[in-house]
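Chemist: One structure follows; several queries about it will come next.
The values are calculated or read from the model by the stated rules, or taken from the named source; none is laboratory data. For clarity, every value in this text was computed on a predicted model and none was experimentally measured. Positions of Cβ are generated from backbone atoms using ideal geometry, with glycine treated the same way; all protein chains shown enter the neighbour counts.
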Amino acid sequence: MPDLDLINQLVQTYRTLNLSVRTLPEDRLRARAGDNSGAVSVRDVVRRMRDDELRFSQALKERITGVPMPEIFGEDSAPVIGTESEQDTTAAFIAQFGTARESTLAMLRSLPDPDWDAVEGEQTKSIRARIGELIDSDKRQLSRIDTLIGAS
């Protein structure tokens, strides 16, 4: 049985983005505000979350299947979905994040219990540990979004 608590936390991130970000006007989401890492917008943070989720989902697929994925992501380049553009709205980024998150969730739901904690070969952490890191990242990014929304 998959770890339902972790899965629910992953689902909650997407719900939070839909309820607290998608409903705001786009000009407010594009407004840049200073935080500890420089002037960023809510849109910038959501875009980063989307990119991180795409990378995570691809890495998880590679780990589960053992089949290497083609190297399409550079260290600092954004993943190519095929439909994104600089004019995409924050709502589009949230939808793209949701698609990638659902792929992650589908893989996790079908993962046998022993595989959640297995560490093999060159792996240094279990899938459960990696999911914990993803959840921590989600929480940090959502907190950053809350700060930015409060600043605008």
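Chemist: With the requirement that a residue be part of a loop (DSSP other than H, G, I, E, B) and either at pLDDT 95 or above or surrounded by 11 or more Cβ atoms within 10 Å (Cβ to Cβ) (or both), what does segment 1-22 give you?
Modeler: PRO2, ASP3, ARG22
Chemist: With the condition kept exactly as written, say whether any residue in segment 135-152 is at pLDDT below 90 and not in a helix (DSSP H, G or I).
Modeler: Checked against the condition, which is being at pLDDT below 90 and not in a helix (DSSP H, G or I), segment 135-152 yields at least one hit.
Chemist: Inspect segment 105-122 for any residue being over 15 Å from the mean Cα position of the chain (by Cα), closer than 27 Å to VAL40 by Cα, at pLDDT below 90 and exposed (fewer than 10 other Cβ atoms within 10 Å of the Cβ) and give the result as yes or no.
Modeler: no
Chemist: Do you know which residues across segment 111-131 are out of contact with any Lys or Arg (no Cβ under 9 Å at 6 or more places or on another chain), touching a residue at least 12 places away in the same chain (Cβ under 8 Å) and within 18 Å of THR13 (Cα to Cα)?
Modeler: ARG128, ILE131 - these are the residues of segment 111-131 that are out of contact with any Lys or Arg (no Cβ under 9 Å at 6 or more places or on another chain), touching a residue at least 12 places away in the same chain (Cβ under 8 Å) and within 18 Å of THR13 (Cα to Cα).
Chemist: Here is a follow-up. Restricting to segment 53-80, give me the number of residues that are under 14 Å from the mean Cα position of the chain (by Cα), modelled with pLDDT of 55 or more and of a type outside the set (Gly, Ala, Ser).
Modeler: Qualifying residue count, segment 53-80: 6.
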